[in-house]
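Visitor: To start, I am sharing the structure in question, which I have written as structure tokens.
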Amino acid sequence: MICNRCHCENPDTSKFCKACGHLLGEDAPQQGAPNAGAAPQMPYPYTPAKRVGILDICGIIGFVGSTLGWFVAWAILCPVGLICSIIGFRGHYTRGLSVAGMVLSILGILIRVMEVLYRYNLLPAWVFQGVFH
Ligand SMILES: [Zn+2]
């Protein structure tokens with residue numbers, strides 16, 4: 001029997017190569033045909049785990065910013081929240097959160113804009129009838 005590793009001639013009764021100690025036998029790969037009889041390599045159905053990425057973080061920031069914008073610094077937080085929500089919409093986990101952030105920020109901006117328009121009489125009075133009265 002020929003050793004697969006060092007090609008040393010060994011007695012057929014030997015279990016290990018006398019020269020290098022390599023295991024002799026049928027389970028070792030055959031000389032000259034290393035892949036013969038081996039199972040073909042199946043393409044591993046690898047699906048990358050959806051990790052929390054920058055888009056998800058943007059979605060969270062967008063939602064939080066939009067929510068905070070209803071109470072403080074709406075002129076900054078609502079637009080930032082809207083932008084972050086739009087970015088975060090493409091995230092893996094925060095799609096719902098991003099939609100909520102977009103709605104909140106747009107509503108927040110609209111209400112403030114309407115308040116300003118109302119305060120300075122920039123719109124005809126009938127527009128606000130039933131809203132502010
Ligand atoms: Zn050997």
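The values are calculated or read from the model by the stated rules, or taken from the named source; none is laboratory data. Every value quoted in this text rests on a predicted model; they were computed, and no experiment measured them. Cβ coordinates were reconstructed from backbone atoms using ideal geometry, including for glycine residues, and neighbour counts include every protein chain displayed.
Visitor: What's the number of the only condition in (1) buried (at least 20 other Cβ atoms within 10 Å of the Cβ); (2) more than 12 Å from the chain's Cα centre (by Cα); (3) modelled with pLDDT under 75 that P45 fails to meet?
Guide: (1)
Visitor: Can you name every residue in the stretch 97-123 that is basic (K, R) and surrounded by fewer than 15 Cβ atoms within 10 Å (Cβ to Cβ)? Quick ask: steps written out before the conclusion?
Guide: Let us first name the residues in the stretch 97-123 that are basic (K, R), namely 112, 119.
Result: R119, single match.
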